[in-house]
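Take a look at the structure set out below.
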Amino acid sequence: MKAESLWATREGGKVSRAQLTSTPPKALTFGVAPLQLSLGSTRLLLGNREVTAELSVRLYDFGVAALAARVAVADQTWDTFVADFDALDRAVGPTSLAFWTTLLAHVREVVLPALDRPAADASIEEDYLIGTVQAFSEPLDASALRDRVDIAALLSGEKRALSAASRRELLARSFSYYADDMVILTWDRAFIYEPRLDSDVADVIEVANAQLVEFRYYDTLLDDELPRMYERVENARGAMSLLASRRFAHLARRLYTLVAEVTELTERVDNALQVTEDVYLARVYSTALGLFRVPALSESVDRKLAIIRDTYAALYGEASSRRAELLEVSIVLLIMLEIVLMIFRH
């Protein structure tokens, strides 16, 4: 609750815990619901006109901040909607990192006292663009929608016509629950047609992206740690025998702490969203995870953790062996000293 109170005291803005709007809690729930903070609004230039973007952030308990800018439009042709979608990407997309880092710095400054082991470097980020349509000028079901509008143009961001194969690939990950809804996922964009104002699909896409960021962070962290670990092991082995056991024990404790911390937080990431009964959202969620290669990153982190665990076990065993050797030497020296003293007494 500390982050909530810090934000409410400092900013006075809206604070809430994110909840899925239409899915029963027993069917699909957040492990720990992210904290949602309102960041006010800003003006963005889309083409030759200014629009208002509502800004917000969700803070996940495993350490990810999901920043969002939402622009509402109405009474547009499909071509204008696609053009605005691309313009929004240019305004706040990958080339506008400073826009997001400024927002993140502000959030971090306010909630920093509530953070546990905050990362010094927050350079790992992912951007994702979602276009949501709630209604067309006439009722359309999902099958008719594909024929009436060029969804591939929205998802690709390309101005030129795509090949038939490219269009099939872009539209391959398509899901519908009711006849009049649709979601299509790609690596960096999604299209959602949802007349019932349901945001659950967008929420699970965000969770999958948050998990991607966190696993990328730990994969990079362990990539950097492994060479240092090997170097420290060699240095410890090169020490004099009397000091080696202490160095081995110290290094083993350090590796154990690292493994414990990473394991704890990756378990939080794995449990960020718990799916039990909602088959539709489960399919969207698992497809997003696979598309973002989250399982592959998770396996990579697990492999590197296994290497560190094995190294820890070997170091612990070697430290114990060195201590046993030292104890044996001490016992032999004591026996020899006792013999020498007995000789001198006689």
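Scanning the range 214-238 for residues that are modelled with pLDDT under 65 and either assigned to a helix (DSSP H, G or I) or in contact with a Pro (Cβ under 9 Å, 6 or more places away or on another chain) (or both) returns Ala236, Arg237. Of all residues in the range 124-143, those being of a type in the set (Phe, Trp, Tyr) and touching an Asp or Glu at 6+ places or on another chain (Cβ under 9 Å) number 1. Of all the listed residues (Ser241, Ser245, Ser298), the sole one being in contact with a helix residue (DSSP H, G or I) (Cβ under 8 Å, 6 or more places away or on another chain), at pLDDT 75 or above, farther than 25 Å from Ala69 by Cα and among the small types (Gly, Ala, Ser) is Ser298. Counting only strands (runs of 3 or more DSSP E) wholly contained in the range 1-71, the ones carrying 1 or more residues that are at pLDDT below 90 and within 16 Å of the chain's Cα centre (by Cα) occupy 28-30, 35-46. For the condition assigned to a loop (DSSP other than H, G, I, E, B) and touching a Leu at 6+ places or on another chain (Cβ under 9 Å), what is the one hit in Leu162, Leu140, Leu155? The match here is Leu162.
Table: residues versus (1) in contact (Cβ under 8 Å) with a residue 24 or more places away in the chain; (2) touching a Ser or Thr at 6+ places or on another chain (Cβ under 9 Å).
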{"residue": "Leu140", "(1), (2)": "yes, no"}
{"residue": "Lys159", "(1), (2)": "no, no"}
{"residue": "Ile192", "(1), (2)": "yes, yes"}
{"residue": "Ser199", "(1), (2)": "yes, yes"}
{"residue": "Glu206", "(1), (2)": "yes, no"}
{"residue": "Arg232", "(1), (2)": "no, no"}
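Restricting attention to the range 155-175 and to residues that are farther than 21 Å from Asp86 by Cα and over 29 Å from the mean Cα position of the chain (by Cα), the residue that is modelled with the lowest pLDDT turns out to be Ala164. Comparison of Ser166, Ser174 shows that the only residue that is of a type in the set (Ser, Thr, Tyr) and in contact with a Ser or Thr (Cβ under 8 Å, 6 or more places away or on another chain) is Ser166.
Checking each residue in the range 67-113 for being within 30 Å of Thr9 (Cα to Cα), out of contact with any helix residue (DSSP H, G or I) (no Cβ under 9 Å at 6 or more places or on another chain) and of a type in the set (Gly, Ala, Ser) picks out Ala72, Ala98, Ala105. In the range 125-138, the residues that are small (Gly, Ala, Ser) form Cβ pairs under 8 Å with partners that are surrounded by 13 or more Cβ atoms within 10 Å (Cβ to Cβ), at six or more places apart or across chains, as follows: Gly131/Phe81; Gly131/Phe85; Gly131/Leu154; Gly131/Arg189; Gly131/Ala190; Gly131/Phe191; Gly131/Ile192; Ala135/Pro195. What residue, among those in the range 165-203 that are in a helix (DSSP H, G or I) and hydrophobic (A, V, I, L, M, F, W, C), is surrounded by the fewest Cβ atoms within 10 Å (Cβ to Cβ)? Per the criteria, the residue is Ala165.
Scanning the range 38-50 for residues that are farther than 29 Å from Glu214 by Cα and surrounded by fewer than 18 Cβ atoms within 10 Å (Cβ to Cβ) turns up Arg43, Leu45, Gly47, Asn48, Arg49, Glu50. If we keep just the residues of the range 51-99 that are in contact (Cβ under 8 Å) with a residue 12 or more places away in the chain and of a type in the set (Val, Ile, Thr), which is surrounded by the most Cβ atoms within 10 Å (Cβ to Cβ)? Looking at the filtered set, the residue picked out is Val64.
Please verify whether Arg117 is surrounded by fewer than 16 Cβ atoms within 10 Å (Cβ to Cβ), at pLDDT below 90 and in contact with a helix residue (DSSP H, G or I) (Cβ under 8 Å, 6 or more places away or on another chain), treating the condition exactly as stated. Yes; evaluated as a whole, the condition is true for this residue.
The values are calculated or read from the model by the stated rules, or taken from the named source; none is laboratory data. On a predicted model such as this, the values are computed, not experimentally measured, just so you know. For neighbour counting, all protein chains shown are included, and Cβ atoms are generated from backbone atoms with ideal geometry for every residue, glycine included.
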